[in-house]
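Reading through the structure tokens given below for one structure.
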Amino acid sequence: MQKNGIFRNDKEQRERFLLLPAAENILKENNFIHERRLISKKIKWQGRVKVELRNVEYWIFTSRHKGKRIRLVIRQFEGGKKHFLTIYKSRSKEKSPQ
């Protein structure tokens, strides 16, 4: 598992794999944010580097699990198939009821 070409450490990988069983429940809650972005992608073509702009859509599902906010991200490039991108614990803790 990499982020920006750098491998994640073993602890972080393990934490993310342990969150995967919760993914189905997160998706069922249907609590998400939808974003559209225009990103640039470098493509090598005939010995030259060409920059292409691509439309990307993200669905960010959020849920609470053991006092932490969990986020699951689905991505889709220009009307193609949607695919799982990542799952992670957000750094902000849930406030305890007072």
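The values are calculated or read from the model by the stated rules, or taken from the named source; none is laboratory data. These numbers come from a predicted model, not from an experiment. Note that each Cβ is placed from the backbone with ideal geometry, even for glycine, and that neighbours are counted across all protein chains shown.
Filtered by the rule that a residue be surrounded by 10 or more Cβ atoms within 10 Å (Cβ to Cβ) and either more than 14 Å from Ile87 (Cβ to Cβ) or among the aliphatic types (A, V, I, L, M) (or both), segment 44-61 gives Lys50, Glu52, Arg54, Asn55, Val56, Glu57, Ile60.
Each row is one residue, and each column tells you yes or no for (1) assigned to a strand (DSSP E or B); (2) touching a Ser or Thr at 6+ places or on another chain (Cβ under 8 Å); (3) within 14 Å of Tyr88 (Cβ to Cβ).
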{"site": "Arg16", "(1), (2), (3)": "no, yes, yes"}
{"site": "Leu19", "(1), (2), (3)": "no, no, yes"}
{"site": "Arg36", "(1), (2), (3)": "yes, no, no"}
{"site": "Val51", "(1), (2), (3)": "yes, yes, no"}
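Screening Lys81 on (1) in a strand (DSSP E or B); (2) of a type outside the set (Gly, Ala, Ser); (3) at pLDDT 90 or above shows it passes everything except condition (1). Test Ile70 against the criterion of being β-branched (Val, Ile, Thr), touching a Phe, Trp or Tyr at 6+ places or on another chain (Cβ under 8 Å) and part of a strand (DSSP E or B), and give yes or no. So Ile70 fits the description; yes. Looking only at segment 16-39, count every residue that is at pLDDT below 85 and either acidic (Asp, Glu) or within 20 Å of Glu78 (Cα to Cα) (or both) and tell me the total. Qualifying residue count, segment 16-39: 0.
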